[in-house]
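This report refers to the structure that appears directly beneath it.
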Amino acid sequence: QVQLVEAGGGLVQAGGSLRLSCEVSGTIFERNDLGWYRRAPGHQRDLVATLSRGGSTNYEDSVKGRFTISRDSAKNTVYLQMNSLKPEDTAVYYCHVREQIGRPIVFYDYWGQGTQVTVSK
């Protein structure tokens, strides 16, 4: 059973930093694509950053240069370092894991429980 446990959200002033973490269990961590999404009030869940199995990263335009996604395979953990935070970054942030299994490939998507990030002016 795949489980994702997030931590690191909270309240921070604009310009501050936070680091989110997501510990993953029940899957072969190195074989998965990883990501962070967020849902702001009144909005759908949007992509923030992804990290492929091969190490490629992709960022939503508004966070480029401020956020960094990374992983520690020894700890089965994916991180989102968020710097220069803005009030518009306020949202619930979700960790995402995509497994690829079998031939033909079947994708399985798993989500963390969400962690609130609030950035005050």
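The single condition among (1) under 15 Å from W111 (Cβ atoms); (2) assigned to a helix (DSSP H, G or I); (3) not basic (K, R) that L20 does not meet is (2). Tell me yes or no: at least one residue of the stretch 13-23 is open to solvent by 20 Å² or more (accessible area, probe 1.4 Å) and in contact with a Pro (Cβ under 8 Å, 6 or more places away or on another chain). Checked against the condition, which is being open to solvent by 20 Å² or more (accessible area, probe 1.4 Å) and in contact with a Pro (Cβ under 8 Å, 6 or more places away or on another chain), the stretch 13-23 yields at least one hit.
For every residue, the table says whether it meets (1) over 11 Å from W36 (Cβ atoms); (2) in contact with a strand residue (DSSP E or B) (Cβ under 7 Å, 6 or more places away or on another chain).
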position	(1), (2)
G65	yes, no
Q81	no, yes
E88	yes, no
E99	yes, yes
Y108	yes, yes
S120	yes, yes
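S70 meets the conditions (1) open to solvent by 20 Å² or more (accessible area, probe 1.4 Å); (2) within 16 Å of Q3 (Cα to Cα) in every case but one. The failed one is (2).
Filter the stretch 24-55 down to the residues that are open to solvent by less than 80 Å² (accessible area, probe 1.4 Å), in a loop (DSSP other than H, G, I, E, B) and in contact with a strand residue (DSSP E or B) (Cβ under 8 Å, 6 or more places away or on another chain) and list them by number. Once the filter is applied, which keeps residues that are open to solvent by less than 80 Å² (accessible area, probe 1.4 Å), in a loop (DSSP other than H, G, I, E, B) and in contact with a strand residue (DSSP E or B) (Cβ under 8 Å, 6 or more places away or on another chain), the stretch 24-55 yields G26, T27, N32, A40, S52.
The values are calculated or read from the model by the stated rules, or taken from the named source; none is laboratory data. Here the structure is a predicted model, which means the values were calculated and not measured. Note that each Cβ is placed from the backbone with ideal geometry, even for glycine, and that neighbours are counted across all protein chains shown. Each accessible area value is taken on the protein alone, full model and side chains, heavy atoms only, with ligands, DNA and RNA left out. Shrake-Rupley method; radii C 1.70, N 1.55, O 1.52, S 1.80 Å.
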